[in-house]
Amino acid sequence: MAAAPPAEPYLVIRNVTKEFGSYRALDNISLDIEAGDFVSFLGPSGCGKTTLLRAISGLDVQTTGTIRQAGRDISNLPVSQRDFGIVFQSYALFPNLSIRGNVAYGLVSTGRPRAETDRRVKELLDLVGLADQIDKYPAQLSGGQQQRVALARALALSPGLLLLDEPLSALDARVRARLRGEIRDLQTRLGITTIMVTHDQEEALTMSDRIVVMSKGRIEQVGTPDEIYARPATPFVADFVGRMNFLKGRLAATAQIEVQGAVFQIAEPMPFAPGTEVTVCIRPEDVVVRQIDGSTLNAVDVQVGVMEFIGNHFATSLHVTGTSLGFSADLSMNDVRDLGIAPGIAIRASLPPDRLRVFASPPV
Amino acid sequence: MTAASAIGPSHLPVPVPALAAPVRQRLDRNDILMRAMLCTVALCLTVAVLLPLWALLSKSFQASDGTFVGLSNFRAYAGHAGLAGSIWNSLWIAVLSTLICVLLAFVYAYGITRTRMPGRAVFRMIAQIPLLAPSLLPAISLVYLFGNQGLAKGLLFGQSIYGPIGIVMGEVFWTFPHALIIITTALSISDARLYEASEALRATGWRTFRTVTLPGARYGLISATFVVFTLVITDFGVPKVIGGQFNVLATDIYKQVVGQQNFQMGAVVGLILLLPAVLAFLVDRRMQQRQSALLSIRAVPHAPKPDRRTDLVFLVVCLVMALAILTVILVAFLASVATFWPYNLVPTFKNYDFDMMDGGGWGSYYNSLTMAALTSLIGTSVIFFGAYLVEKTPRFQRMRGLVQFLALLPLAVPGLVLGLGYIFFFNSPANPLNVLYGTMAILVICTISHFYSVAHLTAVTALKQIDPEFETVSASLRVPFYRTFFRVTLPVCLPAILDIAIYLFVNAMTTVSAVVFLYSPDTTLAAVAVLNMDDAGDVAPAAAMAMMIFLTTAAVRFLYLGLTRGILARSQAWRAR
């Protein structure tokens, strides 16, 4: 199997640090991005995701560290000598040029024949489904259409790398959801390596091959959307992506934890001494209330507290009887109907061991 | 998918630098070109602004033969009773004029922005009139109105118009539009939600005014106060014409330099004049920043409701002020076309026969047109492109900061002081640039420098409003910056560019202060001719020339209005949705 040496990843980032005065915006970032992948940089504002994108594009080069793209060291290259197309949150369409003028903008200075430029512009606009808008001005298009024009313009020179800087943040929810699919579909068809900066976890989860979760200038976790959601590597990721119960507890045995009077089994043994303080995480939707019998692990008696109707489920607070432990659970409409769950009644609930994430550090 | 190789040292021999050496981004042709041009702008501004000021400063510490004498010029100045007295005169004249002007401008601006009185647009236009004429014009008009043979002499109850009264009246007239523009802006950015809250809490109109309106406009008021104060204390036209024996700093410089050829003393007075101007400049910059921070994005513009009594009161008050402005212009016009005002009112154009008078004749008018056109053309190009480079050159922060500083410096330098610095710098035999002395070129350079700052700020504001990512997108598409400049930046900023061109043209036509030291017999200017004819006692021809200036600038303004509604509207079709 391991005969031929594997090719170097498309983008190789090594020890990249960015300092603004004494503030460290990127702290020793190393990351590989494979050709053709759609990668999202996800994190709260100020986490360094945009700074990293700007370092990759050369708009704000890193203080130290190297970046290689397609086997070429681009660390200190000016923007114009790098190979990328970029789309901004503000679209940055030239308002005084028609859609044709905008998309053709980079093509004209390559000196190719006019007919070829025209053909390429039509091709690109077909790609984003705006061929009929070619002679309009940006202000005459909707936000979503403008963003697609910006996308077509960024792809005009067939760059090796597509950078998307919060591309959907300025759009309303419905358009955003539709464009998510369209951009992802386009990216898959073209097979272009793409990096998207976003603070919207839903966006990152639905569009990406891989997600890079960042916080305070560091990478917290890199993984597929499923890995990030189901197996967060740090309390930060657990908290930032999706909703999560954080419960304080102690390690009772290597695979057993005691949480405020209740005792639970965990799937994987922890490499710490008993008595170590830990944080136990479980997603509200992972709490089980159906088909609990004597053999069910981690089953406890709970009392139902406040039930908040969300639409497709109830966000419900549950209190474990005889302890001070409380957590929230998302109960489906079926659960609530079939089991007759109402505030104040007692039921049984289980926290499946393979759904519990345990961290040795205190919660963020 | 190779999720396993996601992070950490890869399984590949990717070179890692042994030492974390700082990354220095290489420059491409764009960067080098932009930096070179930015340095050129810096060099030009250094020569046109900084070095003349330096020459002025060093001159004030020299004797007439050029030897260093320390502070002895300043001691001589302090010992000279007449000269030192001018400081006091200048100060109280400026304070009084400023108080009156800002008060009147506030009332007028309130009428325009916060009431529903009829004719607000017309009132707004009339208030701009004083900008279109040199400050000499109101002074001449006041002489006709209140002078020894004045129509309304009786209104002064035996006081003479020649002196403080005339100066204050003239300055208030001339600075009125400057104050009005600032205060109108401050009053128009108001948050309706505050007024609704105030009304809901049942505050009286007066209380709302005191607790909402005034605090909202306070930075504008302070800014207007300092701007007007600077304009008055550095203005030379009004006191020259109507000041009589009453000396102020600005006329002192002129007398010392032009009258007595005492350049050292001129430099000393110039430096003293620089102090209040610099102070005002610093305060104004600070206020402008606060004013813009005052309005949050979520503010809702306040729309005044009709109120018959208030509207009527403001209509009357504004009407009186507007009529006063129109009267001043009208009197100058009538005096210029009357055979002998006010005794023989038979219309004649003999006062427009400038070739028969001292002051350069019609030639000076054509010189002014040439000078204003060149200033407008060259100035607009240089200033806008300079502002573009300051805003858009990647990195290179120090040089950008330097150019920004040099561009704002002229705002703090009174025209007379700049003109004097030009004499010292460009007339020095040691300076190879002294070939410029006495040419049209030096007048154009001096005028561009004199009015650089406001034009620069206009350009910067316009540039800041366009998307900062245009340049990024262009660079990623490998389009050279100048192509984006000409294809996108320039067309998008066209309205601001035309504003700058008009501003420079009008000011070049009306300015006296800086160029009064720099013209030669071949390059006399219309505004200077007004001064000289008035000096020689040809007051009616002086009024006629002032009218020519006024009519020219007014015509250009109207042309511009037509342009914005016609050609501009068509070429900017993309702005409409």
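A few comments on the model shown:
- Distant-in-sequence amide contacts of A:Thr193, defined by a placed amide H-H separation under 5 Å and a gap of 5 or more residues or a different chain, comprise A:Gly36, A:Leu162.
- Across chain A, the relative contact order, built from alpha-carbon pairs under 8 Å that are at least six residues apart, equals 15 percent.
- In this structure, the amide hydrogen of A:Thr224, modeled 1.01 Å from its nitrogen in the peptide plane, lies closer than 5 angstrom to those of A:Ile211, counting only residues at least 5 positions away or on a different chain.
- Anchor B:Lys305: aspartates and glutamates whose Cα lies under 14 Å away (excluding residues fewer than 8 positions away in-chain): B:Glu196, B:Glu199
- Partners of B:Lys392 within straight-line reach, counting aspartates and glutamates whose Cα lies under 19 Å from its Cα and excluding those fewer than 8 residues away in the same chain: A:Asp60, B:Asp28, B:Asp31, B:Asp467, B:Glu469, B:Glu471.
- Applying the Karplus relation 6.51 cos²θ - 1.76 cosθ + 1.60 with θ = phi - 60° to region A:108-117 yields 3J(HN,Hα) values of 4, 7, 7, x, 7, x, 4, 4, 5, 4 Hz, where x marks Gly and Pro.
- Each part gets one Cα centre, and for region B:451-508 versus region A:259-310 those centres are 63 Å apart.
- Sequence ranges B:158-164, B:230-236, ranked by mean other-Cβ count within 10 angstrom, highest first: B:230-236, B:158-164
- Taking only alpha carbon atoms, the protein assembly as shown gives an Rg to Rh ratio of 1.09, where Rh is the Kirkwood radius.
- Centroid-to-centroid separation of region B:355-383 and region A:22-59 [C-alpha atoms, Å]: 57 Å
- The chymotrypsin sites (Phe, Trp or Tyr not before Pro) of region A:199-273 that meet both conditions, a loop assignment by DSSP and at most 16 other Cβ atoms within 10 Å of the site Cβ, are A:Phe272.
- Here the relative contact order of chain B, from alpha carbon pairs under 8 Å that lie six or more residues apart, stands at 21 percent.
- Residue exposure sequence - A:Arg184, A:Arg148, B:Arg193, B:Arg202 - by fewest surrounding Cβ within 10 Å: B:Arg202, B:Arg193, A:Arg184, A:Arg148
- Averaged over the residues of peptide A:27-35, the number of Cβ atoms from other protein chains lying within 10 Å of each residue's Cβ is 3.
- For B:Lys240, the aspartates and glutamates whose Cα falls under 16 Å of its own Cα, not counting residues fewer than eight places away in the same chain, are B:Glu171, B:Asp252, B:Asp534, B:Asp535, B:Asp538.
- A:Thr321 long-range amide H proximity, modeled H, under 5 Å: A:Asp301, A:Val302, A:Gln303
- Entries in A:Lys122/B:Lys464; B:Lys153/B:Lys350; A:Lys18/A:Lys248 that, when Cα-Cα distance is taken, lie over 31 Å: A:Lys122/B:Lys464; A:Lys18/A:Lys248
We did not get these values from a lab; they are worked out from the coordinates using the rules stated. Bear in mind that the values here come from a model prediction, so they are computed numbers and not experimental data. Cβ sites come from the backbone with ideal geometry, for glycine too, and all protein chains shown count toward neighbours.
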